[in-house]
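Heads up: the structure comes next, in structure tokens.
The values are calculated or read from the model by the stated rules, or taken from the named source; none is laboratory data. Bear in mind that the values here come from a model prediction, so they are computed numbers and not experimental data. Here the Cβ positions follow ideal geometry from the backbone for every residue, glycine too, while neighbour counts run over all protein chains shown. SASA here: full protein model, heavy atoms, side chains in, ligands and nucleic acids out. Shrake-Rupley method; radii C 1.70, N 1.55, O 1.52, S 1.80 Å.
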Amino acid sequence: MTPFELWVGLRYTRAKRRNHFISFITGTAILGMVIGVAALITVMAVMNGFDHTLRSRILAVTSDVIVQGNGVPVLNWHEAEKNLSAVRGVTGVAPYVQAQAMLSHDGLVSGALVEGIDPQLEGRVNRLAQDMKVGSLDALQQHPWGIVLGRALAKQLGATVGSKITLISPQGGVTPLGVTPTLRQFTVVGLFSVGIYAYDSGMAYISLPDAQALYNLGSGVTGLRMQITDPFNAPVFAAHLQKILGPAFYVQDWTQTHENFFKALAMEKLVMFVILSLIIAVAAFNIVATLVMVVTDKEPDIAILRTLGARPRSIMLIFMVQGIIIGLFGTALGVLGGVLLALNVPTIVPFIEQLFHVQFLSPEVYSISQLPSRLEWADVLHVAIASLLMSWIATLYPSWRASRVDPAEALRYE
């Protein structure tokens, strides 16, 4: 592109239209770009906010990395704890026992994942103690055969703190009649809630010695949980640790234990990006309509430029400049509006709720009662690039049509 094409294209963009309808279509195209880009940036920020909030809540009850025996309990876990604590990047290690069980109370039965933990060490690897709503994790050591339930699980069983519940373990003893399940009575000493229904309705915690006795593990444990300095680097850290420990151990990070959940979130984010990109595509079609009408209106000017020696390529670039400027202007305003909106979602949404007396996310229904927002500049860049690319594509046909104008035909009736 030479200064000639750029100068003429800018001049055409700034010039007043003889046909006011063309100016209206141009304004509509710019407005469509602004709305589409701003909406897409805001929705992506909200999706990122939900993703970050859910990750934080999951990390509150799960650990960054888990080390298990390959099909067998870890017997020398005290030594393994010391060795893992010395690994660079590890901030905490804690043992655990995990097994399935049935819980029964007053004729109500519910399945649960029961974990045996050491309350003194558990705080090193997660934030479960901070999510206790009634009682505390320390009560597991103070009360023999005590159990901590998720609040939703306790509601299903009709149990409260102090209730006696029966734990039925399928890993029972062998008798002449076959394997019989183990039954043990526990006292509810606490309730927790992390804000994720799957955990609040399906998790229960008992002390580590009680779990070892209940599941006949002796001094062994199911595995060791680890907390690292950078949880989002857990996949790389786990792969490195697996090479160090060898095939005798199985290392798993938190992204693997919740792989399907985070894949679903990533798919939702991609689908929302594609759907809202259609708004920008509609605005790009308005650019096509604008340029087609401009080309029709400027056919005599095109013919004069051609007779003065302008090449078809130059004519094409002149009208591409107009379309790109429209797209650039709309994209810039959309990015500015979208960033401001995304950064102020936590303030704007409560104002709208108060103004219209509505509540978008009721705490009685949703675990996340406030609309979160987390702006990531990589998403802003992707949206801006997609918008500019659509704007450029929209200029191709009208510009090509302008380059094909026949000077003699255009000037016949002038």
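Here are the numbers for the structure shown:
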| item | result |
| --- | --- |
| Rounded percent of accessible protein surface that carbon and sulfur make up, the stretch 224-322, 1.4 Å probe | 68 percent |
| Phi to ³J(HN,Hα) by Karplus 6.51 cos²θ - 1.76 cosθ + 1.60 over the stretch 101-118, Hz, x for Gly, Pro | 7, 10, 10, 10, 7, 6, x, 9, 10, 8, x, 7, 9, 9, 10, x, 9, 9 |
| Whole-angstrom gap from the stretch 222-245 to the stretch 41-119, using each part's C-alpha centre | 13 Å |
| Estimated FRET transfer efficiency (Leu371, Leu328; beta-carbon r; R0 30 Å; 0.05) | 0.45 |
| Assigned charges on the beta-carbon of Lys, Arg, Asp, Glu; the chain dipole about Cα centre (debye) | 1180 debye |
| Arg88 versus Gln256: modelled label distance in nm, points set 7 Å from Cα along the beta carbon direction | 2.3 nm |
| Protection proxy ranking of 278-287, 240-249, 129-138 - average other beta-carbon atoms within 10 Å, highest first | 278-287, 129-138, 240-249 |
| Anchor Lys133: lysines whose Cα lies under 18 Å away (excluding residues fewer than 8 positions away in-chain) | Lys155 |
| The chain - percent relative contact order, Cα under 8 Å, separation 6 or more | 28 percent |
| Fraction of antiparallel bridges per DSSP, the stretch 118-274 only, in percent to nearest 5 | 75 percent |
| Global form of the stretch 21-69, assessed from the alpha-carbon gyration tensor, a/c cut-off 1.5 | prolate |
| Shape metrics for the stretch 178-286, restricted to C-alpha atoms - Rg then Dmax, Å | 22.2, 76 |
| Contact order relative to length of the stretch 164-307, as percent, for alpha carbon pairs under 8 angstrom and 6 or more apart | 10 percent |
| Net lengthening on full extension, Glu79/Ser219 (0.36 nm per residue, minus Cα-Cα) | 49.1 nm |
| Cα gyration tensor category, rounded, prolate or oblate, for the stretch 245-394 with a/c compared to 1.5 | oblate |
| Residues with amide H under 5 Å from that of Gln98, placed H, sequence gap 5 or more | Gly116, Thr222 |
| Sequence-separation-based contact order of the stretch 44-117, relative, with Cα cut under 8 Å and 6+ spacing, percent | 17 percent |
| Amide H partners (placed H, <5 Å) of Leu113, local residues excluded | Met203, Ala204 |
| Max mean-square fluctuation residue, GNM over the chain, Cα-Cα springs under 10 Å, options Gly69, Gly334, Gly323 | Gly69 |
| Per-peptide average of other Cβ atoms within 10 Å, ordering 351-360, 312-321 highest first | 312-321, 351-360 |
| Stretchable slack from Ile244 to Met272, in nm (0.36 nm times residue separation minus alpha-carbon distance) | 6.0 nm |
| Helix runs (DSSP H) in the chain reaching 15 Å along axis by Cα, Kyte-Doolittle at least -0.5 | 3-14, 20-61, 234-245, 259-297, 312-343, 345-356, 377-403 |
| Whole-number D in µm²/s for the chain (Stokes-Einstein; Kirkwood sum over Cα pairs; 20 °C, 1.002 mPa s) | 81 µm²/s |
| Solvent-accessible area per residue, Å², over the stretch 109-171 with all protein chains present [probe radius 1.4 Å] | 45 Å² |
